[in-house]
Amino acid sequence: MYAMWKLQLASCSSLWMLMLMLMLSSAAADSKARSCSEVRQAYNLKGFSRVSVPHQEISGEHLRICPRGHTCCTSEMEDRLHQQSKVEFETLVEQSSQSMRTTFVSRHKKFDEFFLELLDNSEKSLNRMFTQTYGKLYMQNSEVFQDLFTELKRYYTGGNVNLEEMLNDFWSRLLERMFQLLNSQYHFTDEYLECVSKYADQLKPFGDVPRKLKAQVTRAFIAARTFVQGLMVGREVASRVAKVNVAPACVKALTKMLYCPYCRNMPGLKPCHNYCHNVMRGCLANQADLDPEWNFFIDAMLLVADRLEGPFNIEAVIEPIDIKISDAIMTMQDNSMQVSARVFQGCGQPKPAGMGRSARGISDVFNTRFRPYTPEERPTTAAGTSLERLRVVWRTMQHNVSDIKVKLKQSKRFWSNLPDEICSTGKLTEPDDEQCWNSHTKGRYFPEVVKEGLTNQINNPEVDVDITRPDTLIRQQIMALRVMTNKLKNAYNGNDIYFQDSSDEGSSSGSGSGCSDGCTTEIVFIGTEAPVIAADRSNERAAAAAAGKPLSCGPSLLLVVLSLTLPLAVMQTQWR
């Protein structure tokens, strides 16, 4: 009995001792609960009230994202940090792409304004020179030349213009006017003049000027419109892709990476480098899928930029369009007798004009040649720019072409490298692999870094990415780039193609510089935002443009357009 009582007493003593030890252990743990003062300060610097932050660590069973255990985060704090993660990520992507996007915006504006200024000066130069040399006779027929420049501007600004047909029409109209003036003693009906035009290819009344000018102008304007349009497309695609669509799984991973250290009372701890890479590659998986098409687009832009630089220098096309047209007119004058005889033979003898005009002949209408100007008389452009001044402008433009080529090369692989840019050491991540946040605590991050792209995210340990649902906006921009790249490649070869629908994945609806009824010159962006490029802005601003079109393998666009603008280097005979 005594032995049993002694055993029972020993058992009770052991139980009380165990209870006492547990109580002491609990009291010691409570006394060691860490202060959340650093978290309160860091949380307040983010713009939130520190009232929400507990003074000491609390139990973390309520947390939904961050590791549970002792924590400095309440449920309210975790929710706010979750929202803050999304905002900061969007800002990071915007900031990382800002320089590249600014390049496309500024260069698009600069090239567009330059091309339009050259074209505008060209028209003014021709008008002034022809007014001085031909006087009233030119002014009575000036609409032929005005229409030429109107159509050139309309083409450049996005209009549905067939350049070759338009230039053919210009020479046909000029032939009709010239033929009537050179044979003013006769009366010609519209039907007769149509017959005259039919003989243009056989007789070549203007010599080889129309053929050469057509080759230069079409290639130059294809180049101008495509290059500037390419800059616009690059600008729009980059702007849209930079406004990233953040999936819920991404926001959760971002919160865990950026702000769970707050909840673990380590607000100054940065994420491990590889950990950041996995999170960013998961969040930017769709952007990385844009990269292959983006690189093709950049390569095509660089090809077109090469055409803008040369190989033809300014001396090779120094004569402006007014000089070329004047040369054609002089050729027509030289061959007027033979041309008229052949036309009369093929179209029939025209009727005399009447008593008042029957005695007037070629010598009464075109009885003098262009006279050469002295250097002091040489005309200048509307802005008072001399030939040397325009050469300086051209050299500046060549520098700009070289500059944009450097910028374009730098933008290659931009989207696949974006996670690297954001996770750069020291900027967002901790360089010490042992002293960084590894998603649970301070220490090394062991998982491998996944490859970029949507399909590779199936193995991403940090972001739960649905690889079966590609981002619709990104797919639309891939299509837009594909269409523009195809146009640029054709432009490099001197071809101008039109696209009716970007859903054709870059297939053309026609080739050449023409376009059938109903087709459009625009790049179609499928999405909720407004289209990038208007199909025809000629009514909006006849002398301004924002959508460039393809470049050619012939004379550089700038050289030819510049040739349209340069003041007269050689003066011609006077047309009376």
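If you go through region 45-68 and keep only what is free of Cβ contacts under 8 Å to residues at least 24 places away in the same chain and farther than 17 Å from Leu258 by Cβ, you end up with Ser49, Arg50, Val51, Pro54, His55, Gln56, Ile58, Ser59, Glu61, His62, Arg68.
Does any residue of region 457-466 turn out to be at pLDDT 50 or above, open to solvent by less than 10 Å² (accessible area, probe 1.4 Å), part of a helix (DSSP H, G or I) and not hydroxyl-bearing (Ser, Thr, Tyr)? Looking through region 457-466, at least one residue is at pLDDT 50 or above, open to solvent by less than 10 Å² (accessible area, probe 1.4 Å), part of a helix (DSSP H, G or I) and not hydroxyl-bearing (Ser, Thr, Tyr). Residue count for region 398-423 satisfying the condition of being open to solvent by 10 Å² or more (accessible area, probe 1.4 Å) and touching a helix residue (DSSP H, G or I) at 6+ places or on another chain (Cβ under 9 Å): 14. The residues of region 249-272 that are surrounded by fewer than 22 Cβ atoms within 10 Å (Cβ to Cβ) and farther than 25 Å from Val53 by Cα amount to a single one, Ala249.
Among the conditions (1) crowded, with 20+ Cβ neighbours inside 10 Å; (2) assigned to a loop (DSSP other than H, G, I, E, B), Phe130 misses just one, which is (2).
Restricting Val246, Val233 to residues that are buried (at least 24 other Cβ atoms within 10 Å of the Cβ), hydrophobic (A, V, I, L, M, F, W, C) and in contact with a helix residue (DSSP H, G or I) (Cβ under 9 Å, 6 or more places away or on another chain) narrows the list to Val233. If you go through region 211-228 and keep only what is out of contact with any Cys (no Cβ under 8 Å at 6 or more places or on another chain) and either open to solvent by 30 Å² or more (accessible area, probe 1.4 Å) or free of Cβ contacts under 8 Å to residues at least 12 places away in the same chain (or both), you end up with Arg211, Lys212, Lys214, Ala215, Gln216.
Applying the set (1) surrounded by fewer than 22 Cβ atoms within 10 Å (Cβ to Cβ); (2) part of a helix (DSSP H, G or I) to Thr485 leaves exactly one unmet item: (1). When Arg101 is tested against (1) of a type in the set (D, E, K, R); (2) within 29 Å of Pro419 (Cα to Cα); (3) without any contact (Cβ under 8 Å) to a residue 60 or more places away in the chain; (4) part of a helix (DSSP H, G or I), just one condition goes unmet, and that condition is (3). Look at Tyr155 and say whether it is in contact with a Phe, Trp or Tyr (Cβ under 7 Å, 6 or more places away or on another chain), of a type in the set (Ser, Thr, Tyr), open to solvent by less than 60 Å² (accessible area, probe 1.4 Å) and closer than 21 Å to Ile222 by Cβ. Here the answer is yes, as Tyr155 does meet what is asked.
Within region 300-321, can one find any residue that is in a helix (DSSP H, G or I), touching a Ser or Thr at 6+ places or on another chain (Cβ under 8 Å) and modelled with pLDDT of 90 or more? Looking for residues that are in a helix (DSSP H, G or I), touching a Ser or Thr at 6+ places or on another chain (Cβ under 8 Å) and modelled with pLDDT of 90 or more, one finds at least one in region 300-321, hence yes. Across region 68-84, the number of residues qualifying as crowded, with 17+ Cβ neighbours inside 10 Å, among the basic types (Lys, Arg) and touching a strand residue (DSSP E or B) at 6+ places or on another chain (Cβ under 9 Å) comes to 0. Among what's in region 32-67 and is among the β-branched types (Val, Ile, Thr) and in a loop (DSSP other than H, G, I, E, B), pick the residue that is surrounded by the most Cβ atoms within 10 Å (Cβ to Cβ). Going through the qualifying residues, I end up with Val53. Total residues in region 135-171 satisfying the condition of being of a type in the set (Ser, Thr, Tyr) and not in a helix (DSSP H, G or I): the figure is 1.
If you go through region 88-97 one residue at a time, do you hit one that is open to solvent by 20 Å² or more (accessible area, probe 1.4 Å) and farther than 30 Å from Ile404 by Cα? The answer is yes, given that some residue of region 88-97 is open to solvent by 20 Å² or more (accessible area, probe 1.4 Å) and farther than 30 Å from Ile404 by Cα. For region 14-23, the criterion of a residue being under 23 Å from Leu269 (Cβ atoms), assigned to a helix (DSSP H, G or I) and modelled with pLDDT of 50 or more is satisfied by no position.
The values are calculated or read from the model by the stated rules, or taken from the named source; none is laboratory data. Quick caveat: nothing in here was measured; it's all calculated off a predicted structure. Here the Cβ is made from the backbone with ideal geometry for all residues, glycine too, and neighbour counts use every protein chain on show. Note: areas computed on protein heavy atoms with side chains; ligands, DNA, RNA excluded. Shrake-Rupley method; radii C 1.70, N 1.55, O 1.52, S 1.80 Å.
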